[in-house]
1. Using +1 at the C-beta of Lys and Arg and -1 at the C-beta of Asp and Glu, which of 283, 149, 99 has the Cα lying farthest in the positive direction of the dipole of the chain?
2. Can you list the residues, at least 5 places off or on another chain, whose amide H is less than 5 Å from the amide H of residue 211, using H built in the peptide plane?
3. Quick check on the chain: helices-only [θ] at 222 nm, where DSSP H runs of length 4 and up contribute -39,500 (n - 2.57) each and the sum goes over total residues. Nearest 500, please.
4. Explain nothing, just the number: relative contact order of the range 88-128, from Cα pairs under 8 Å at least 6 residues apart, as a whole percent.
5. If I compute solvent accessible area with a 1.4 Å probe over the protein chains, what percent of it on the chain is carbon and sulfur?
6. Only loop residues by DSSP count here, and only those with at most 14 other Cβ atoms within 10 Å; note down the GluC sites (Glu not before Pro) in the range 336-418 that meet that.
7. Please list 3J(HN,Hα) in residue order for the range 356-361, calculated via the Karplus relation 6.51 cos²θ - 1.76 cosθ + 1.60 where θ = phi - 60°; whole Hz, with x for glycine and proline.
8. If the limit is 27 Å between Cα atoms, which of 17/307; 127/250; 102/358; 171/294; 21/127 go over it?
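The values are calculated or read from the model by the stated rules, or taken from the named source; none is laboratory data. This is a predicted model, so every value here is computed, not measured. Cβ: placed from backbone, ideal geometry, glycine included. Neighbour counts: every protein chain shown. The accessibility values were calculated without ligands, DNA or RNA, using every heavy atom of the protein model including side chains. Shrake-Rupley method; radii C 1.70, N 1.55, O 1.52, S 1.80 Å.
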Amino acid sequence: MVAFACGGSTGGGGGSKGTIKIGSDLPVCTTGGQSTANGVKFAIDQKNAAGGVNGYTISYQSFDDCVQGAYSADAGVQNVQTMLGDSKFLGMIGPYNSAVAKAEIPIAAPQHFTMISPSNTNPCLTKEQAPPLPPCSYHAADLRNGNPNNYWRVVTTDDYQGPAMATYMYKTLNIHSVGILDDSTVFGVGISGAFETQFKQLGGTVVAHSEYQKATTSDWKSILLNFKNKSAAGVYVGGTDDQNICIPRKQMKDLGWDVPFGGGDGIETTDCINQASGNESGIFATSAGADATKVQGATATIAAFRKAFPGANDFGGYTMQAYDAANALMAAIGRAINDANGSTPTRDQVRAEMAKTKGFVGVIGTYDFNEAGDTSLKIVSIYEVQQVSDPSQSTGVCGKAAANDCFIWKDQINYATT
């Protein structure tokens, strides 16, 4: 198994006392992964341009956990081991996918290596799922194996994200019967289960719940026909674009079946729009955080980012969450440098300072974290793919071939206030 490292030092600027490294582990073979890495790099470039962190230059290394076009937990573990083997790495941003985090936390925790994910949403990484959701197949404490917590995330979890789309489809779209499809991954099974529980509680009918595995599936028409023949008025998918979860959307058109297609943040991506190929409109997706383009305080930062990263797909659904995560980590590193009387801190000093983080002001909002590593921000945003005249005025998540088909913000639910 070969894991590829991309990038390296962020370039000029910074301080004169030496170099501290921050890594990221993301599926940069995907547009969602790369746009998330861009947020990390932008935050570090800004910090170095302003003099670094307490006299130290921050060097950024972007690691890719893709293998054959999809995220790989094995590649992620190898990337973490590479970082752990270099004492200059004091923390990382990532991973992007929950299944990768499940594999990485047990490797990083004994080394007290700080991990901050901009996008992990599986509840079981930090807590037990409460009924009526199914119990976790593993325990968060077991991932840490008696070590102090080393893992945080700046987004909320699927036990909010799945129910948010269930509520939106049932109440706003007036869909009362659905077929559910998941990709058999940790994320896909978890979010589809959370959706199903809430949809049934609202009074909806699940006509069928089917699963597939990417390695053995290229045609979903029999599953879709089963949903259609059982009068499903919509489809909900639990999964990610790199597991081909949006190709069924294209095949729905091939079957002449036009109903809404909903999912989680794994489909709020450029690659999902590309996979839908001619059937882009009518895709609905949630994201496990506030939409940065709707946060007034984020306007100037997004404008500066777009100037530095002008590509059509450089900005994505978790770019600003990654920006906040990187700044939270650098703030913890700064406090740890003070703890070390100005010297390079230990990994445990960085971890301990991250654990104390309260009231951290990011562009998305103000973050507190509980002892398990979960954020106090519990906003779920809802999007729909629509044609727009100017993609630059959208969320920025648009197709490549269908460049004017973009995810448009529709609504949000704040579970911290409900």
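1. 149
2. Amide H to amide H, under 5 Å and 5 or more residues apart or across chains, residue 211 pairs with 182.
3. Numbers: 12 runs with 137 residues, N = 418.
About -10000 deg cm²/dmol.
4. Working: 40 pairs, mean separation 21.6, N = 41.
Computed over the range 88-128, the figure is 53 percent.
5. On the way: 7400 of 15130 Å².
On the chain, the fraction of accessible area on carbon and sulfur atoms equals 49 percent.
6. Working: sites: 353, 371, 384; in loops: 371.
Those that pass, being in a loop and sparsely packed, are 371.
7. Once θ is set to phi - 60°, the couplings for the range 356-361 become 8, 4, 9, x, 6, 8 Hz.
8. On the way: 17/307 30 Å; 127/250 36 Å; 102/358 25 Å; 171/294 23 Å; 21/127 30 Å.
Correct reply: 17/307; 127/250; 21/127.
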